[in-house]
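A.B. asks: One structure, as structure tokens, below. Some questions next.
The values are calculated or read from the model by the stated rules, or taken from the named source; none is laboratory data. All values derive from a computational prediction rather than experimental measurement. FYI the Cβ positions are ideal-geometry reconstructions off the backbone, even for glycines, and counts take in every protein chain you see.
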Protein chains: 2
Amino acid sequence: MTKKRILISFIIFALSATLMAADHPSMFITKEEAQAINNALGKYPILDQSFEKMKNMVDAALAKPMEVPQPGEAGGYEHERHKQNYRAMQAAGILFTITGDEKYAAFIRDMLLKYADMYPNLGPHPMAKKQAPGMLFHQMLNETVWLTYTSQAYDCIYDWLDQSTRENIEENVFQVIIDWFIERNHHEFDRIHNHGTWSVCSIGLIGYVLGNQDLVDMALYGTKKDGSGGFLKQLDLLFSPDGYYMEGPYYVRYALRPFFHFAEAIHRNQPELKIYEYRDQILKKAYYSAVQTTFPNGVFPPINDASRTMDIRAPGIVLGNALVFDHYGADVNLLGLAKIQKEVVLNRSGLKLARAYAERDNIPDSDWGSIEFTDGHDGEQGGLGILRMGTGEDQTMLLMKYGVHGEGHGHFDKLHFILYDHGNEVIPDYGFCRWINIEPKFGGRYLPENDSYAKQTIAHNTVVVDRITQNKSNRKRADKVAGKRHFFDGSGENVKIMSARADDYYPGVKMQRTMLLVKDDRMEYPTVIDIYRLESEESHTYDFPVHFRGQLITTNFDYQTNVSVQKQVGDDFGYQHIWEEATASTDETLKFTWLDGHHYYSLVQEVSPETEIIFGRTGANDPNFNLRSEPMIIIRDDAQDKVFASVFEVHGYFDEASEKSMNARGSITDVNVIGSNAEATVIEVMGNDDIYWRICVNNAGASDSKENVVKFGGETFKWTGNYKVDLNVE
Amino acid sequence: MTKKRILISFIIFALSATLMAADHPSMFITKEEAQAINNALGKYPILDQSFEKMKNMVDAALAKPMEVPQPGEAGGYEHERHKQNYRAMQAAGILFTITGDEKYAAFIRDMLLKYADMYPNLGPHPMAKKQAPGMLFHQMLNETVWLTYTSQAYDCIYDWLDQSTRENIEENVFQVIIDWFIERNHHEFDRIHNHGTWSVCSIGLIGYVLGNQDLVDMALYGTKKDGSGGFLKQLDLLFSPDGYYMEGPYYVRYALRPFFHFAEAIHRNQPELKIYEYRDQILKKAYYSAVQTTFPNGVFPPINDASRTMDIRAPGIVLGNALVFDHYGADVNLLGLAKIQKEVVLNRSGLKLARAYAERDNIPDSDWGSIEFTDGHDGEQGGLGILRMGTGEDQTMLLMKYGVHGEGHGHFDKLHFILYDHGNEVIPDYGFCRWINIEPKFGGRYLPENDSYAKQTIAHNTVVVDRITQNKSNRKRADKVAGKRHFFDGSGENVKIMSARADDYYPGVKMQRTMLLVKDDRMEYPTVIDIYRLESEESHTYDFPVHFRGQLITTNFDYQTNVSVQKQVGDDFGYQHIWEEATASTDETLKFTWLDGHHYYSLVQEVSPETEIIFGRTGANDPNFNLRSEPMIIIRDDAQDKVFASVFEVHGYFDEASEKSMNARGSITDVNVIGSNAEATVIEVMGNDDIYWRICVNNAGASDSKENVVKFGGETFKWTGNYKVDLNVE
């Protein structure tokens, strides 16, 4: 730490001395790169498509009257207008550089002059809410994006402008914004958070463009220029050593944009900083850990506040893909991403990627395998585990979340899991409750139901104790604790396994979840095994929720449907948003089968006598129809120590159009806990075709070499290491 | 009629005399055609794909142990097994003919010998319900399909078999089935219904194969051989003169299969019957009218009992496409269908289609334009109107239903409409309530909720009077009446219109619905205008339901949501299946906006003071979770005469992945009825950008030349013909 400070001080000293007037453009593309792209057009399809797309967008903007309206409400017309303006200016700058066509330069100049007329008269946005206000936009965040893009556009026409126009724009636009960010909102600027990243990126870029190294240094090291804030500190603290981003995949695709835009500008203007090497190539790790979490269709798993459809075509990922390919090596997996993205950025890196893509006959789907990420900047705060079997659309993917809370966008969902199978998020995460950018829906902002439902534990696939959300739904408390890794082994061909704990989420209750993906030739598809173990000193009510989509097909127990009147399931912690559709009680291994897409899914779970079952559906206490209507099943048991031992079986096939249905009932018939204690858990699974599996899991200190011996019900079980799975029990 | 009888008698006489032993095979493919296909393999991709698909299917069947199980329950394993068996046998027959590989012939022989062991010991299926029983299957229908396919398979190996094997199979399989159909179930055989078509097709085919002209004649003219039943009678009565099939598109795709299989066998074995010319080329019309109803993605509109996903890849449509292309001319629109189907049948016709497809560089999307079909065998029982603007995925398609009830599979839905836009069924038909072939869902059969909800008027987008279903939900009564065509004009570029009546559906209430598709350059997309006029001698409660999908975005009126308790909306006629989510009352033009896919949709409707509004969702009184959970809005007014004047506007764009939202509120602000009486209705529509439209509709006798003069509120409106639409009112 001290060593690093010294290094930083040295760098600051070394660089502040040299006030370099940058070449223009030099943030993202140079004249030489533009020439190379110009020469390459017509050769590489993905480059051509990207160029055409950009040109169509900008030409359409040029064809319409230019509008620089007074600030308006979030998600409203003016808000959108200013967003479109910065996108169009940035793209016009690149097109001007590539084509030399002055209409693009004139467009940027004219628009900036309109902004120059307006900016000095703006103050804090009148509709700012809790967050730091912008001037054009209700929140400063949007304004930092505006400046990031506009700096790049300005960079591209800098040499083309005359001196007096430059002076006008710099005084009446850029200096006003710089003052706003640095003077008035330095707290936001120095914040270790994605808002801070955008802030430092935008100021760093405009600093380079204006040749103002002072601004660049503040961007790199914080307003105090001591390394307590700024870009490097963010690289230190916002990612785990594996590159996992603390807010999760949805936010990282947004955060990666300023990280890469600024990194690329640093690389080009201060190569001696070796930014791409910083923190053991943390930018590479950040990029890979983002894309390695994605479902096979390129969509980011919607953990924490996240939309359910954000995918790798997001601009930050398209940007990162080319830069990572260029700076860290030509990985074929990145070409697999480009196959989904169908787009490259227009600079040297994008050209390189497009060329490599065109030169290969057959681009395989990206294959990320099974992987675990540690969480927390020190890598000591739990993690995220992903098990995969199969490739492409046939892949079965199981994700478990056991890391940090993730601050303001975090959900109270420790030990929550998602099952993705055959192209669908079969056991889903609800995602955020927000109709993003849809102005009539509360300005497109987060909705009240995001707090009251989407963040609550019951909205996830993890146990709720006493119908209360983890950490009592207190974010500050949740940010102080983290899940704990127990063990992870994704290396087996037929068995992949992960186990984690969450002990600080309910007073006096310790939780451990062990999840497996198992392949058995007698089964059609990989099977999920789930062992959720709770230990407590007192008795509690444990709710085991499973969210699903599609249609209930059958159960092996009777239930009573609420046919003419429906009530909410509970009063708080998200339960108030669930309609009670039906209830049941059962004493025997339960089986619950539903249909999703072309496949059937069955939950088979061992139950205690008189286990209660609730069939729920979201939508209660939703006065403005903000929630989606989605089904779930909740299995409720009163107990002190408890093991929920479950199998999630994928089976059969249904196609309505061809009217085919096969194996709608599935094979697994029984799950039993043979024994469980603080040392180990042993369960068995039975099914048709003489399926008889036994799973032994080590619950105490993880070790690959530990000799485990446990005795349950008179039988002794022995194994070495963290687990033993026998798929052919005699 | 008399003339036709004489003709038929003559034909019977002429043909029964000649007992021809058919060449083998001759039902569907000959040795010469097989040779031509063999030579063509590797040349035409769609032929190769079809051959490969068939070969993979059969080779997979050959690789498994052969199973001919005892009969089982509908949708169960044995049921599916026998279906797979006949599919595999038919395909094996074609493969044997094409490749000469005897393993395929041996497969058919061995399987038929297993059936020969079993059939004589079978009686009526033990689990038969209301319908005529089969022996292998719970209903005879499935057995007729079995025989249709198996006859073709047998045809292909007939010459290859030795005499004693033939005798065994014919005595112990075919003769048993023939007796069952002809002797025991002649009522089903002679029925003018798709079950009857399958029956006569199967008997006709086996008749030809066995050289038994007596059977063929019964298939053609009914068991009495007098033309009172049989294939020709079915061609006379089951289609309107336009070729529209009385049960609707979902059933026609099933019915077309036996129609074409038998027609092709007749054509090949009794060409003198000129079957493809019969009834002014009714088979051509039947095929075209089926595919012309489809949505741009090839899915059949789910009117009446229908699944929501049945599309033109159904086997009967793939079969018809090649035969129609071959016998009626090489229409490029049929190549457009082949683009979606990606498959041809393997005979001369399929080869021809595949060759034509391969020879064309660019296959355009099929373009069906706007079209009206008359309904009833005489074409005098109303019809089905379809208006279209745009092509391919951008198409807006409006369908209105005003024909016959359609017997047992008909829904009580006169004047119901469907809006398909941008690739989605935006204002949908619920379709049937059935999880087809999913055995745990009531054997995959129709569910009780099909009668109690899906067939009821409230499940559709048409007015419900006094909360009672049309014709009091009495099918026999509904079969006696029909909608009435008023006028249809799909020829205009900017205005397309259709108008129809339903006067016999509620005692004392006359209904007329006029629907338009309108294109105005100030609007982003085509707009739907809807004028639903009710005349009555007494006051009634009129419910105007609109079913939608996706998410409610905004309304211009306040509503009260039932937040913690939800009740069913009504007690019967389908209302018992609707949860009341919210209620409202409004005095002013209502606007209701929702999101579906990438677009926003707004209903704008003039309302009377104190109009009630109910937000509903299906799912109440659904003890077994048989219904899908889907939203609707019901606008309720008490009145004597009433005009519901509405606009359905398509607007804006939303993409969650790219977080873009535009124009979520739409342009249309007002709809007013200027005046309405038995002569005419005049309405006006207002919106942003000075949109001011006036629509004048003739309500009395339709005529293109009639001079209309009406006076409403002191203003006189004049126009010639059925309507006048002015999109630029001064």
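A.B. asks: Take region B:78-133 and flag every residue that is buried (at least 16 other Cβ atoms within 10 Å of the Cβ), acidic (Asp, Glu) and at pLDDT 95 or above.
C.D. replies: Within region B:78-133, none qualify.
A.B. asks: Please verify whether residue B:7 is among the hydrophobic types (A, V, I, L, M, F, W, C), modelled with pLDDT under 95 and not in a helix (DSSP H, G or I), treating the condition exactly as stated.
C.D. replies: no
A.B. asks: Filter region A:161-179 down to residues that are more than 37 Å from the chain's Cα centre (by Cα), surrounded by 15 or more Cβ atoms within 10 Å (Cβ to Cβ) and not hydroxyl-bearing (Ser, Thr, Tyr), then give me how many there are. Working first, answer last.
C.D. replies: Residues of region A:161-179 more than 37 Å from the chain's Cα centre (by Cα): A:161-169, A:171-172.
Retained after the next criterion (residues that are surrounded by 15 or more Cβ atoms within 10 Å (Cβ to Cβ)): A:161, A:165-166, A:168-169, A:172.
Of the ones still in play, those that are also not hydroxyl-bearing (Ser, Thr, Tyr) are A:161, A:166, A:168-169, A:172.
Going through region A:161-179 one residue at a time, the tally reaches 5.
A.B. asks: Further question: List the number of the failed condition for residue B:710; all other conditions in (1) assigned to a loop (DSSP other than H, G, I, E, B); (2) hydrophobic (A, V, I, L, M, F, W, C); (3) touching a strand residue (DSSP E or B) at 6+ places or on another chain (Cβ under 6 Å); (4) without any contact (Cβ under 8 Å) to a residue 60 or more places away in the chain hold.
C.D. replies: Evaluating residue B:710 over (1) assigned to a loop (DSSP other than H, G, I, E, B); (2) hydrophobic (A, V, I, L, M, F, W, C); (3) touching a strand residue (DSSP E or B) at 6+ places or on another chain (Cβ under 6 Å); (4) without any contact (Cβ under 8 Å) to a residue 60 or more places away in the chain leaves (1) as the failure.
A.B. asks: State all residues of region A:688-715 that are among the β-branched types (Val, Ile, Thr) and within 18 Å of residue A:497 (Cα to Cα); if no residue qualifies, say none.
C.D. replies: Listed by number, the residues that qualify are A:695, A:697.
A.B. asks: Okay, moving on. Could you grab me the full set of residues in region B:30-40 that are under 28 Å from residue B:85 (Cβ atoms), surrounded by 14 or more Cβ atoms within 10 Å (Cβ to Cβ) and not β-branched (Val, Ile, Thr)?
C.D. replies: B:31, B:33, B:34
A.B. asks: Since residue A:164 meets every condition but one in (1) part of a helix (DSSP H, G or I); (2) in contact with a helix residue (DSSP H, G or I) (Cβ under 7 Å, 6 or more places away or on another chain); (3) of a type in the set (Gly, Ala, Ser), which condition does it not meet?
C.D. replies: It fails just one condition, (2).
A.B. asks: Right, next: Given the condition under 25 Å from residue A:403 (Cα atoms) and part of a loop (DSSP other than H, G, I, E, B), answer yes or no: does some residue in region A:192-215 qualify?
C.D. replies: yes
A.B. asks: Okay, moving on. Modelled with pLDDT of 95 or more and in contact with a Cys (Cβ under 7 Å, 6 or more places away or on another chain) - does that describe any residue in region B:636-656?
C.D. replies: No, there is no match, as no residue in region B:636-656 is modelled with pLDDT of 95 or more and in contact with a Cys (Cβ under 7 Å, 6 or more places away or on another chain).
A.B. asks: Which numbered condition in (1) part of a helix (DSSP H, G or I); (2) under 25 Å from residue A:416 (Cα atoms); (3) within 14 Å of chain B (Cβ to nearest Cβ) is the only one that residue A:294 fails?
C.D. replies: The failed condition is (1).
A.B. asks: Just one of B:538, B:580, B:606 is over 28 Å from residue B:652 (Cβ atoms) and more than 14 Å from chain A (Cβ to nearest Cβ); which is it?
C.D. replies: Within the list B:538, B:580, B:606, the selection yields B:538.
A.B. asks: Kindly indicate the residue of region A:305-327 that is assigned to a loop (DSSP other than H, G, I, E, B) and touching a residue at least 12 places away in the same chain (Cβ under 8 Å) and also farthest from the other protein chains (Cβ to nearest Cβ) among those meeting that condition.
C.D. replies: A:305
A.B. asks: Of the numbered conditions (1) of a type in the set (Gly, Ala, Ser); (2) surrounded by fewer than 22 Cβ atoms within 10 Å (Cβ to Cβ); (3) part of a strand (DSSP E or B), residue A:645 satisfies every one except a single condition; which is it?
C.D. replies: (2)
A.B. asks: For the condition under 23 Å from residue B:512 (Cβ atoms), surrounded by fewer than 22 Cβ atoms within 10 Å (Cβ to Cβ), at pLDDT below 95 and small (Gly, Ala, Ser), what is the one hit in B:443, B:392, B:376, B:408?
C.D. replies: Selected residue: B:376, the only one of B:443, B:392, B:376, B:408 that is under 23 Å from residue B:512 (Cβ atoms), surrounded by fewer than 22 Cβ atoms within 10 Å (Cβ to Cβ), at pLDDT below 95 and small (Gly, Ala, Ser).
A.B. asks: Quick one: which residue in A:302, A:241 is under 16 Å from the mean Cα position of the chain (by Cα) and in a loop (DSSP other than H, G, I, E, B)?
C.D. replies: Just one listed residue meets the conditions, A:302.
A.B. asks: Looking for something part of a helix (DSSP H, G or I) and more than 27 Å from residue A:146 (Cα to Cα) - is there at least one such residue anywhere in region A:344-351?
C.D. replies: For region A:344-351, residues part of a helix (DSSP H, G or I) and more than 27 Å from residue A:146 (Cα to Cα): absent.
A.B. asks: Of the residues in region A:437-460, how many are touching a Ser or Thr at 6+ places or on another chain (Cβ under 6 Å) and within 14 Å of chain B (Cβ to nearest Cβ)?
C.D. replies: 3
A.B. asks: For region A:622-655, which residues satisfy the criterion of being under 22 Å from residue A:398 (Cβ atoms), within 14 Å of another protein chain (Cβ to nearest Cβ) and among the small types (Gly, Ala, Ser)?
C.D. replies: The one that is under 22 Å from residue A:398 (Cβ atoms), within 14 Å of another protein chain (Cβ to nearest Cβ) and among the small types (Gly, Ala, Ser): A:652.
A.B. asks: Does residue B:595 fit the bill of being within 10 Å of chain A (Cβ to nearest Cβ), buried (at least 21 other Cβ atoms within 10 Å of the Cβ), closer than 30 Å to residue A:312 by Cα and of a type outside the set (Asp, Glu)?
C.D. replies: yes
A.B. asks: Restricting attention to region A:555-571, and to residues there that are surrounded by 13 or more Cβ atoms within 10 Å (Cβ to Cβ) and more than 10 Å from chain B (Cβ to nearest Cβ), which single residue is nearest to residue B:620 (Cα to Cα)?
C.D. replies: A:569
A.B. asks: Could you count how many residues in region A:244-267 are among the aromatic types (Phe, Trp, Tyr) and assigned to a loop (DSSP other than H, G, I, E, B)?
C.D. replies: Taking region A:244-267 first, the residues among the aromatic types (Phe, Trp, Tyr) are A:244-245, A:250-251, A:254, A:259-260, A:262.
Of the ones still in play, those that are also assigned to a loop (DSSP other than H, G, I, E, B) are A:244.
So the count comes out to 1.
A.B. asks: Got a sec? Which of B:240, B:228 is polar (S, T, N, Q) and buried (at least 24 other Cβ atoms within 10 Å of the Cβ)?
C.D. replies: Going through B:240, B:228 in turn, just one is polar (S, T, N, Q) and buried (at least 24 other Cβ atoms within 10 Å of the Cβ): B:240.
So that you can scan it fast, the table gives a plain yes or no per residue for (1) surrounded by fewer than 19 Cβ atoms within 10 Å (Cβ to Cβ); (2) farther than 21 Å from residue A:391 by Cα:
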| position | (1), (2) |
| --- | --- |
| A:273 | yes, yes |
| A:282 | no, yes |
| A:290 | no, no |
| A:294 | no, no |
| A:310 | no, no |
| A:314 | no, yes |
| A:317 | no, yes |
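A.B. asks: State whether one or more residues within region A:416-434 are over 13 Å from residue A:303 (Cα atoms) and within 14 Å of another protein chain (Cβ to nearest Cβ).
C.D. replies: The answer is yes, given that some residue of region A:416-434 is over 13 Å from residue A:303 (Cα atoms) and within 14 Å of another protein chain (Cβ to nearest Cβ).
A.B. asks: On the given criteria, is residue B:674 more than 10 Å from chain A (Cβ to nearest Cβ), part of a strand (DSSP E or B), crowded, with 19+ Cβ neighbours inside 10 Å and among the aliphatic types (A, V, I, L, M)?
C.D. replies: When the stated conditions are applied, residue B:674 does not pass them.
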